[in-house]
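For reference, the structure is listed below as structure tokens.
Laboratory data are not the source of any read-out in this text; all were calculated from the coordinates shown. Everything numeric here is computed off the predicted structure, so don't read it as measured data. When we count neighbours, we look across all protein chains shown, and the Cβ atoms used for this are built from the backbone with ideal geometry, even at glycine.
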Amino acid sequence: NLIDEGFDTALRIGPLPDTGLIARRVGEVRRVVCAAPNYLEAHGTPKTPGDLAKHRIVAAAAVTPTEDWRFRGGRTVRVTPRFTVNAVEAAIEMARLGLGLTYVLSYQVAAAVAAGELEVLLAEYEPEPIPVQLIHAEGRTASAKLRAFLDHASPLLTARLRQPGNG
């Protein structure tokens, strides 16, 4: 809660509930399935979400708290994780080491994808991107420091989110 906790602004990933807060959209991120090239060489590459049943899954509970992975058009696929971890970083590292496929947010794996350590799979089935917004409580009467921060941070975040692999 921005107001109760004394924050001027926050970065929100996800749709903004009707809270009366002001939002400035700075970009979007995608939910992506990814795996290491060595895993794909050994186990094959899934062509459709239904193929996930044949693969080792590393679930990141923070991103996908259930075993249902969602894809374009409202399609849901139930996966059976071989590993479930609480930290997204752990799921990414396990995928990077070739232990299975994981389903995370695009910005979380952008560096590993750019380095060739992970490949994004099933891109044509990805669900709609998730909005990323700077939110604040002050409307037209926003303080000069808040307006200055928003004017400075917004284009930087937008540029960062537009980098390959991010969103």
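At a glance:
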quantity	calculated
Of all DSSP beta bridges in region 12-118, antiparallel share, percent nearest 5	65 percent
Net length gained if the chain between residue 16 and residue 53 were fully extended (0.36 nm per residue, minus Cα distance)	10.0 nm
Residue 61/residue 148 FRET efficiency (R0 35 Å; Cβ-Cβ; nearest 0.05)	0.35
Inter-site label distance for residue 23 and residue 160 at 7 Å from Cα along Cβ, in nm	1.9 nm
Relative contact order (%) - the chain, alpha-carbon pairs under 8 angstrom, separation at least six	40 percent
Kyte-Doolittle at least -0.5, axis length at least 24 Å by Cα - qualifying DSSP helices, the chain	144-161
Relative contact order of region 48-111, defined on C-alpha pairs under 8 angstrom at six or more residues apart (%)	40 percent
[x] 18.1, 59; [y] 17.2, 53; [z] 15.8, 54, with the label sought being that of the calculated Rg and Dmax of the Cα atoms in Å	[x]
Neighbour count of at most 13 Cβ within 10 Å plus DSSP loop: longest trypsin sites (Lys or Arg not before Pro)-free window in the chain	76-139
At R0 = 35 Å, FRET efficiency that the Cβ-Cβ distance of residue 7 and residue 87 yields, to 0.05	0.90
